[in-house]
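First up is the structure itself, then whatever we jot down about it.
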Amino acid sequence: MAQGTGVTDAPHDDLAARRAAITLLEAALERRAGLDEAATSNAMRGLDSRDRAFARALTLACLRRLGAVDRLLAPRLNREPPARVRNLLRLGVTQLFWFDTPDHAAVSTSVALADRDKATRSFKGLVNAVLRGLLRDGPPADDPEALAPPWLLARWQAAFGLDTARLIAAEIAAEPATDLSLKQPGDLEALTAALEGEALAGGTLRVAQRGDPSLWPGFSEGQWWVQDAAAAIPARMLEPRPGQPALDLCAAPGGKTLQLAAAGATVTAVDRSAERLKRVAENLLRMGLEAQVIAADAITWSDSRSFDAILLDAPCSATGTFRRHPDVLWAARPGDIASLSAVQARLLDSAARRLAPGGRLVYCVCSLEPEEGEQQIAGFLARHGDFETRPAEPDACGAPAASLTPEGWLRLLPHQREGGQDGFFAACLQRKAAP
């Protein structure tokens, strides 16, 4: 009865892989970035590659359907069970209806997991009864509104209208393809054939392959890096030129740094996390590209240089990245948006001080929230009379035409591109030349 997910290899150790999935799910729901941290933990590394892949795929499938799963569980639970029991049930329901697991295995392994843990053993009868009852009822009807946390769905409805909010929410359940940015645009045709991909507007290559990207054609040769189609747009908006001094603020994980360097700009990449900058440096080395990499707070960084082009990919609620990171929807809190907005304003002001007269500043966030996008830029322009909007050209930067706002900014929504994209906001601002 379960729907296909692209995961066809059964785990080597049924209970070990599913127990790992419970750990991943708990980490994802407890804190931001918890899923990624848990996925690289010693417990996960102790599993073989097949079990690790199964645990991660099952956890992501559960997170993509978490709202719908909890809606199914609600009428069958007279009182709230312990968190571990609820998460065990969540994974069991996911396997019943949205994963490549035989029904009997979804039920039996869930009951066995409950029985194995002293803290959950007394609930194994409940686990068995709930899952078998849902199995008798049959698969639920699809309802996009069940997929998003209610407070976020309400925000999206207020910002974009109910119909668009439903279209956004429907993308939560979709497993995304992988998008690649190319070092040399001239390699697009050959790589499209080698990777059996599809060329998107702007030069992004979308591939349906799964598995370890480091094993795909062109990786070891430094021909491409993984970057969502929407995330590649802001660097194109900046239009970096060969030899031009360019600054990438909040640079990690480095996809935009690579774009600027591949265009020939003289790039300085700044991020407060020295650990995350290691990945930037590794990717620069693999791609055969150069940039100055600096670990510093972009707000207080003491550097007197001015730059002709600045890209600020500001820290944000990341609600637009749910296709690849569905945990962000459930880890985010309403208060996050206000606190992050204050940081974004300070980063924008810091970037403005570093921009040369006549220079361009692109501000972007992978957030769907207007406070972090449209309202942020409106506030910046009110504070900085020497800046003006440089209207975006969707065709030139590979953005969907529907993403262009009346102000000349870009508001990319996940459903605006066939096959989906991350939600993004981007605006290009120009400092007026001195008289």
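For the stretch 178-225, the fraction of C-alpha pairs farther apart than 17 angstrom is 17 percent.
Largest GNM mean-square fluctuation among ARG390, ARG121, ARG360, using the chain with Cα springs under 10 Å: ARG121.
With both partners inside the chain, how many of the DSSP beta bridges are antiparallel, as a percent to the nearest 5? Counting only bridges with both partners in the chain, antiparallel ones make up about 50 percent. What does the charge count near THR204 come to, summing +1 for each Lys or Arg and -1 for each Asp or Glu among other residues with Cβ under 15 Å from its Cβ? With Lys, Arg at +1 and Asp, Glu at -1, the neighbours total -1. Of interest is the spacing of the C-alpha centroids, which for the stretch 267-306 and the stretch 239-263 amounts to 10 Å.
Full extension of the chain between GLU189 and ASP137 gives 13.8 nm of extra length, using 0.36 nm per residue less the Cα-Cα distance.
Computing Rg and Dmax of the Cα atoms in Å directly from the structure and comparing it against (i) 22.7, 66; (ii) 23.0, 79; (iii) 31.1, 107 singles out (ii).
Among the lysines, which have Cα under 28 Å from the Cα of LYS256 when same-chain residues fewer than 8 positions away are ignored? Candidates past the 8-residue exclusion: LYS183, LYS278, LYS432. Per-peptide packing, taken as the mean over residues of other Cβ atoms within 10 Å, places 16-22, 80-86 in the sequence 16-22, 80-86 from highest down. Averaging the sequence gap over all C-alpha pairs within less than 8 Å and six or more residues apart, then dividing by the number of residues, gives the chain a relative contact order of 13 percent. A Gaussian network model of the chain, with springs between Cα atoms under 10 Å, assigns the largest mean-square fluctuation among LYS118, LYS256, LYS183 to LYS118.
Give, as ranges by residue number, the residues of the stretch 348-368 whose backbone N falls under 15 Å from the point 7 Å along Cα→Cβ of SER304. In the stretch 348-368, the label zone of SER304 (backbone N under 15 Å from the point 7 Å along Cα→Cβ) covers 354. Where the centroid of each part is defined by its Cα atoms, how far is the stretch 377-435 from the stretch 103-160 in Å? Going from one Cα centre to the other spans 40 Å.
Taking the Cα centre of the chain as origin and assigning +1 to Lys and Arg Cβ atoms and -1 to Asp and Glu Cβ atoms, the resulting dipole is close to 1140 debye.
As a rough guide to protection, the peptides 349-357, 137-145, 246-254, 260-268 ranked by mean Cβ packing within 10 Å, highest first, stand as 246-254, 260-268, 349-357, 137-145. Once the chain from SER273 to ARG31 is taken as fully extended at 0.36 nm per residue, the excess over their C-alpha distance is 85.3 nm.
Rule-based calculations on the coordinates, nothing more; no lab input. The shown structure was predicted, so the numbers you read here are calculated from the model rather than taken from an experiment. Neighbour counts run over all protein chains shown; Cβ positions are idealised from the backbone, glycine included.
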